[in-house]
Amino acid sequence: MMRVSELCQDALLLLENDRVASVPILLRSALESYVDLMCLINNADYVEEMNKSFDFHKKKFKGEKVNFRELMNISTKF
């Protein structure tokens, strides 16, 4: 929960200093962190799904061949 709180505080600080361009990026990250946290609270096995997603994107970033349908199978569980 600390990450969500910190990201929201940073977004507020940027807004107060008229630096609005990056606020949506921070708020999206906060929302994604909050959703992950809620999923973990509801199901402790969700961490395995998070790891699968991370591995998928790591392979894709390295230029390795990835199966997009495999990632979609992960997200359809939720």
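Rule-based calculations on the coordinates, nothing more; no lab input. In this text, all values refer to a predicted model and were calculated from it rather than measured experimentally. Glycine also receives a Cβ, built like all others from the backbone with ideal geometry; neighbour counts cover every protein chain displayed.
Hey, can you tell me all the residues within the stretch 28-52 that are under 11 Å from the mean Cα position of the chain (by Cα) and either outside any helix (DSSP H, G or I) or loosely packed, with under 15 Cβ neighbours inside 10 Å (or both)? Give the derivation first.
First pass over the stretch 28-52, keeping only residues under 11 Å from the mean Cα position of the chain (by Cα): 28-37, 50.
Matches in the stretch 28-52: ARG28, LEU31, GLU32, VAL35, LEU37, MET50.
Listed here are the residues, each with its yes/no results for (1) out of contact with any helix residue (DSSP H, G or I) (no Cβ under 6 Å at 6 or more places or on another chain); (2) among the polar types (S, T, N, Q).
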position	(1), (2)
ARG3	no, no
CYS8	no, no
ASN42	yes, yes
LYS52	no, no
ASP55	yes, no
LYS59	yes, no
LYS65	yes, no
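Considering each residue of the stretch 1-27, count those that are of a type in the set (Lys, Arg) and loosely packed, with under 11 Cβ neighbours inside 10 Å, and give that number.
First, pick out the residues of the stretch 1-27 that are of a type in the set (Lys, Arg): 3, 19.
From the residues that got through so far, the ones that are loosely packed, with under 11 Cβ neighbours inside 10 Å too are none.
Selection size over the stretch 1-27: 0.
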